[in-house]
Amino acid sequence: MKRVFSGVKPTGHLTLGNYLGALRQWAEVDQHRADSLFCVVDLHALTVDHDPARVRRLSRQAATLLLASGLDPDLCTVFVQSHVDEHARLSYLLECVATDGEMRRMIQYKEKAARERERGGSVRLSLLTYPVLMAADILAYGTHEVPVGDDQAQHVELARDLAGRFNQRYGHTFVVPKATLPAVAARVMNLQEPASKMGKSDDFGPGIVYLLDEPEVVRRKMMRAVTDSGREVVYDRAGRPGVANLLEILAACTGGDPAAMSAGYGSYGALKKDAAEAVVAVLEPLQARHRELCADPGYVERVLRDGAEKARGMARPVVDRAYRAIGLLPPLTEAAADAQSGITAEAVTASAAEAALNAAR
Ligand code: TYM
């Protein structure tokens, strides 16, 4: 059976982009056809300026939203990255295989680092090494497929390169993974800034639809979406990015094809209205389930605890194998260590008995 792994970073409230680009695919397709793991990748949230309490809050919220979007713990494994040490353990080994040039070429690093410097802030080293940790997330599970939105494709490509390089140098250890992108809405754009991706930590707030936005707020944001000059509704991503984005959102929510759907509209207003209602229809059941789950926090905690235990069991042997392959000495088992230092079971019992006798005196 195929192994699927993917994750979401708790750096902000989850958006329609996260849902259409990733979560929906996980819930509707991946968990039914593969041995799947879905992870709240909280360590990645520490790569930029962060408030510890907010990261904790957003991590819990992201986990709840994964379940609300339809992930079923009986079908897949849902967990929090920092609960499984193997991610960080493997990340260091992969840092010894990656090059700094390769890290500096990552588009997201270049963009985020430039933004950080513009604000006069400093760039955390972990922002540079972030894609290596992401590769570790993926490779620790022998993952075949990584369902992501378009913006993560370069990072998955890096994971492929690192797996291939490690295998070539140190012997076959990792499965070489590949990204799988949704056919429509692989890159949902900001409604106010259709040249930029709808990102959860963006500055263009009014152009972002959050999964927990009230229906009226969703309608308002959708109706105020920036469209392009011109009148006809045509699907042209380069020439008419605003309208193309609305068509993609509508198509993704209703299961249609954006180019074919454009023929049904004579005005931008009608398109916005239908797209808004389609989004509301997708979000309403998700929000209702989210409310139910919030009323039972113990359930979400149990899912995460069981998920982490299962994930640990899967990652441990893969990461141990990588430690051996790269040349690290295996730690001695307790029994072997005792045998080497001349301690026998009888000696342990005898010294315990002596200690008890001394304590009684
Ligand atoms: P993150 O948290 O930014 O996004 C989670 C998922 O949502 C997708 N996505 C989008 N898809 C379409 N349109 C958008 N506007 C949009 N915004 C986000 C992302 O492509 C992603 O699939 N580095 C990753 C998290 C990560 C990960 C991993 C993913 C860490 N380790 C291992 C897969 C495998 C990230 O920041 O995603």
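What follows draws every value from the coordinates through simple rules; no lab data is involved. All of these numbers come straight from a predicted model, not from anything done at the bench. Note that each Cβ is placed from the backbone with ideal geometry, even for glycine, and that neighbours are counted across all protein chains shown.
Points worth noting:
- The alpha-carbon positions of the stretch 205-290 define a convex hull whose volume is 85 Å³ per residue.
- Fluctuation leader among Leu125, Leu139, Leu246 - the chain, Gaussian network, Cα springs under 10 angstrom: Leu125
- Rough spin-label spacing in nm, given labels placed 7 Å along Cα→Cβ, for Cys96 and Lys273: 6.4
- Cβ-Cβ distance of Val234 and Gln108, R₀ of 30 Å, FRET efficiency by 1/(1 + (r/R0)^6): the value works out to about 0.45.
- Ranked list, fewest to most other Cβ atoms within 10 Å of each Cβ, for Asp30, Asp150: Asp150, Asp30
- Virtual spin-label span in nm between Arg117 and Arg324, 7 Å along Cα→Cβ: 4.5
- FRET efficiency for the Arg165 to Val29 pair, using the beta carbon distance and R₀ = 30 Å, is estimated at 0.50.
- Under the membrane-span-like helix rule (DSSP H runs whose alpha carbons stretch at least 18 Å along the helix axis, mean Kyte-Doolittle hydropathy 1.0 or higher), the chain yields 125-139, 241-254.
- Exposure proxy for Thr15, Thr333: other Cβ atoms within 10 Å of each Cβ, ordered fewest to most, give Thr333, Thr15.
- Beta bridges assigned by DSSP with both partners in the chain are antiparallel in approximately 10 percent of cases.
- Per-selection Kirkwood Rh - the chain (Cα, Å, 1 d.p.): 22.5
- Interchain or long-range residues, amide H under 5 Å from Gly142's placed H: Val175
- Springs join every pair of Cα atoms under 10 Å in this Gaussian network model of the chain, and among Pro131, Pro177, Pro297 the largest mean-square fluctuation is at Pro297.
- Ordered by the number of other Cβ atoms lying within 10 Å of each residue's own Cβ, fewest first, His87, His172, His13 fall into the sequence His172, His13, His87.
- Cα centroid separation, the stretch 211-227 to the stretch 80-127 (Å): 33
- Of the trypsin sites (Lys or Arg not before Pro) found in the stretch 221-259, the ones in coil according to DSSP and having at most 16 other Cβ atoms within 10 Å of their Cβ are Arg224, Arg231, Arg237.
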